[in-house]
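I have placed the structure first, in the form of structure tokens, so that the comments after it can refer back to it.
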Amino acid sequence: MERNDENRNEPYVTEEIHVYRPRREEAREGQPKGNPYPNPQPQNPQYQDPRYQGPQYRGPQYQGNPYQNTQYRGPQYQNPQYRREEISDPNLVVRTNTQGKKSRKSGGLFLAALIGFLAAALLATLVFVAVYRVKKENEDPTNPTRKPAQTTEAGTGEKETKSPWGSSDEKVVSDDLEDKLEEIRERLDEYYLFEEEAGGTDFDTALIRAYVDALGDPYTYYYTKEELEELFEEDAGTYSGIGVMIQQDPESMSITITNVFKGSPAEAAGLKVGDVLYKIGDRECGKTDINVVVTWVRGETGTSVEITVYRPAINDYVTVTSRRETIETPTVEYEMLDGNVGYISLSQFIETTASSFIKAYNELASEGMTSVIIDLRNNGGGLVSSVVAIADFLLPKGNITYLIDKDGGREEYNSDKHSALDIPCVVLVNGNTASASEILTGALSDYKMATVVGETTFGKGIVQVILTLKDGTGLKVTMARYYTPNGVCIHGVGIAPDVEVKDDIQTDQDEQLVKALEVVKSLPN
């Protein structure tokens, strides 16, 4: 199972998006009735993508850059284990001989002056280098060792940190809180009824997650060591699971299947795009974080898992049993449509997506492609490096996107190659097009190199960095907003299409693709 969310040893930027809000309805006798989640947005269960977009890839260097042999130069985030090297000033001692003849005295004074001058110059240089280095590290928005931004309180002339966690010399957990937690533990030990059921609870992880969750940011998340390893495996393009992609709405927390891989165990079991996860085994998904649900679905190859979903198309629940297998996640599918229109579907951005996209584009071009449709529907994002590599391939020299962190630090991603896109292009999007997909959509639109067709995109204009902690666990942190080349941040707004069209779930036809074909054929060459 794929998360629509860089580098094992270094933090990397990733994007993750969660979508869909089906409706909660009253349960009927014997089994739940209706969508357990509010604000239904039924998806077309009949929808058949002309070319399935399976998840696949994460660029060469980032979680998804790629042209495989082309290395994109993205911002280099520093290792969280990195510690600033301190530069010590050397103890310079100069001794001169002031005794003896006048000529020797003059020569000694001259030598002493020369040595003193050189020592002072060396000392000044070392101090300058130290100060400059510290300054650059603190200005780097991706350096986890930098000092927090400081402000001066009016009327005091004293600086104080803006960090809500206090200064670095303060304990994360106060003595009073430690005492309180100990008291709570004692009371639970004395009175709690379901002690046996709680025996397997990882209270350390629960406490850390509660600390992180208190931020109220659904995209900032703590990973256990095992979860982080699974995430990296997924980014590499293989894992043991059933072969679906899922997204979670950050408000309702409902988890929806957005892709079912062709030939996967999930397809064989009958799972469909638009199904909302209700139970994995006997555990209800409810408002459980998507990262936890993923661990429930995955497991040892050859084992099976029972999954209950709510299916909006029939307004009822369906229970299936799916076998777990080693899944290779294809993220790029392509074909030539009528009229020499190339069709390329991207389901997400992982390490192999960019290289796969470039291969698909070049093959279609060699077959006589005269226009192209890039389908980003239901693509919840992925690796920034992956999408940037694709944009670098398509766009002329210039800015692709740029990030602004909380201190105003700016990091740019630029295209430095001749544009490969010299034919009419349509980008096909919907409400589940998010994050990295919106970076590509926004860049192609701002350069007026593509017409956007479909529905307004999701509107996730923020990026996260994944930091590996000392004990092998991980922390995904929202660290910046991203902007389109024209300086627009689409967070919470999305990108409105040039040509709006919705898919009619009552028909078998893909109205959005039909309209995209009509539009791309009408564009001038």
Checklist entry - Out of all the residues in region 300-307, is one or more within 21 Å of Val260 (Cβ to Cβ), buried (at least 22 other Cβ atoms within 10 Å of the Cβ) and out of contact with any helix residue (DSSP H, G or I) (no Cβ under 6 Å at 6 or more places or on another chain)? => result yes
Next on the checklist: Pull out all pairs, ordered by first then second residue, where Cβ-Cβ is under 7 Å, the residues are six or more apart or on different chains, the first lies in region 404-418 and is farther than 25 Å from Ile390 by Cβ and at pLDDT below 95, and the second is among the small types (Gly, Ala, Ser) and not in a strand (DSSP E or B).
Outcome noted: Asp407/Ala149
Next on the checklist: Checking Asp503 against (1) within 17 Å of the chain's Cα centre (by Cα); (2) under 21 Å from Met245 (Cα atoms), only one condition comes out false. Which one?
Outcome noted: (1)
Checklist outcome for this item: Selection over region 389-413 where residues are within 20 Å of Gln348 (Cβ to Cβ) and charged (D, E, K, R) yields a count of 1
Item to check | Residues being buried (at least 23 other Cβ atoms within 10 Å of the Cβ) and not hydrophobic (A, V, I, L, M, F, W, C) - total across region 265-277 | outcome: 2
Checklist entry - Just for helices (runs of 4 or more DSSP H) wholly inside region 160-272: which have at least 2 residues that are closer than 30 Å to Arg377 by Cβ and out of contact with any strand residue (DSSP E or B) (no Cβ under 6 Å at 6 or more places or on another chain)? => result 225-236
Checklist outcome for this item: Inside region 483-520, the number of residues satisfying the requirement of being in contact with a Gly (Cβ under 8 Å, 6 or more places away or on another chain), closer than 21 Å to Asn340 by Cβ and at pLDDT below 95 is 0
Checklist entry - Could you list, in sequence order, the residues of region 463-504 that are of a type in the set (Lys, Arg) and part of a loop (DSSP other than H, G, I, E, B)? => result Lys470, Lys502
Item to check | Residue check, Lys470 of a type outside the set (Ser, Thr, Tyr), touching a strand residue (DSSP E or B) at 6+ places or on another chain (Cβ under 7 Å) and surrounded by fewer than 22 Cβ atoms within 10 Å (Cβ to Cβ) | outcome: no
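The values are calculated or read from the model by the stated rules, or taken from the named source; none is laboratory data. Bear in mind that the values here come from a model prediction, so they are computed numbers and not experimental data. Positions of Cβ are backbone-derived with ideal geometry, glycine not excepted, and every protein chain shown enters the neighbour counts.
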